[in-house]
Amino acid sequence: VVLHRPIEGTPKTITLTRSRTGKWYACFACEVEPASLPATGREVGVDVGLASFATLSNGEEIANPRFYRRDEADLKRVQQLKDAAKNAQRWDEHRRRKKALAHIHERIANRRNDFAHKRSRELVNCYQVIVFEQLAPMEMGRSRGMRKSIMDVAWSQFISMTVAKAEEAGRRVVLVNPRDTSKMCSSCGKLVQKTLSDRTHTCPHCGLVMGRDHNAALNILHRGLQTLQL
């Protein structure tokens, strides 16, 4: 076994898996004492999206890496070659193209996992309370292209990783109802109707002007803090 880090705690189980590209992995489940991080006293609301991967309530944005979109041309090219080899009954070439296709999918998944692990770790290290919307990503896509983009960003994976890291570090993750977080003004609480193309929140009631996602992140944070006070 090539260990990427020392095994900590008491090993309880080991799971062996083989990827579609022929790689073997050994995953150890170990019993360890949780190591809580020092309290920071900081709270943050996180609005996940497509224009930016996430916008924080402090105005910071995490760029959307679009891993699938970056490699989509490669996937299409190799898929066409694989189909052509199958139609021509060139089975050796078909197997090679099939394996090449699996390598591209594996590369995309590895990049996405690495990104989600790093961004969730940054949140947990910095904030005591982290608030997300309770989303159902697969119900949000209105078109095939939008559903593909939603699958690419993998919000659920990012949130679940944050929850797991927060539990170990003694942090708190709150999931709130997403209803009207994009429409509500974070300053006065009035609803401001918007289309998907409206990227700026302009409130006609109190005059607040800010980015749409920043406004939503503030609403998410306020709703999460209210939930904690109940």
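The values are calculated or read from the model by the stated rules, or taken from the named source; none is laboratory data. This structure is a prediction, so every number in the text was calculated from the model and none was measured. Because the Cβ atoms are built from the backbone with ideal geometry, glycine has one as well, and the counts that use them run over all protein chains shown. Heavy atoms of the whole protein, side chains included, go into the accessibility calculation; ligands, DNA and RNA do not. Shrake-Rupley method; radii C 1.70, N 1.55, O 1.52, S 1.80 Å.
Checking Glu43, Glu8, Glu33 one by one, the residue that is modelled with pLDDT of 95 or more and of a type in the set (Asp, Glu) is Glu43 and no other.
Taking (1) without any contact (Cβ under 8 Å) to a residue 12 or more places away in the chain; (2) touching a His at 6+ places or on another chain (Cβ under 9 Å) in turn, Ser160 satisfies each apart from (2). So which of Ala39, Ala54 ends up being among the small types (Gly, Ala, Ser) and out of contact with any helix residue (DSSP H, G or I) (no Cβ under 8 Å at 6 or more places or on another chain)? Going through Ala39, Ala54 in turn, the sole match is Ala39.
For the range 2-44, the set of residues classified as assigned to a strand (DSSP E or B), within 20 Å of Asn125 (Cα to Cα) and aliphatic (A, V, I, L, M) consists of Val44 only.
Residues in the range 158-171 that are buried (at least 16 other Cβ atoms within 10 Å of the Cβ) and either assigned to a loop (DSSP other than H, G, I, E, B) or not hydrophobic (A, V, I, L, M, F, W, C) (or both): Thr162, Lys165, Arg171. For the condition under 12 Å from the mean Cα position of the chain (by Cα) and either hydroxyl-bearing (Ser, Thr, Tyr) or exposed (fewer than 14 other Cβ atoms within 10 Å of the Cβ) (or both), what is the one hit in Lys76, Lys118? Criteria check complete, one pass: Lys118. The lone criterion from (1) touching a residue at least 24 places away in the same chain (Cβ under 8 Å); (2) open to solvent by less than 20 Å² (accessible area, probe 1.4 Å) left unmet by Arg111 is number (2). Residues of the range 121-143 that are modelled with pLDDT of 95 or more, more than 13 Å from the chain's Cα centre (by Cα), hydrophobic (A, V, I, L, M, F, W, C) and in a helix (DSSP H, G or I): Val124, Cys126.
Table: residues versus (1) in a strand (DSSP E or B); (2) under 18 Å from Leu135 (Cα atoms); (3) open to solvent by 40 Å² or more (accessible area, probe 1.4 Å).
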| site | (1), (2), (3) |
| --- | --- |
| Val173 | yes, yes, no |
| Pro178 | no, yes, yes |
| Ser182 | no, yes, no |
| Ser187 | no, no, yes |
| Thr195 | no, no, yes |
| Asp198 | no, no, yes |
| His201 | yes, no, no |
| Cys206 | no, no, yes |
| His214 | no, yes, yes |
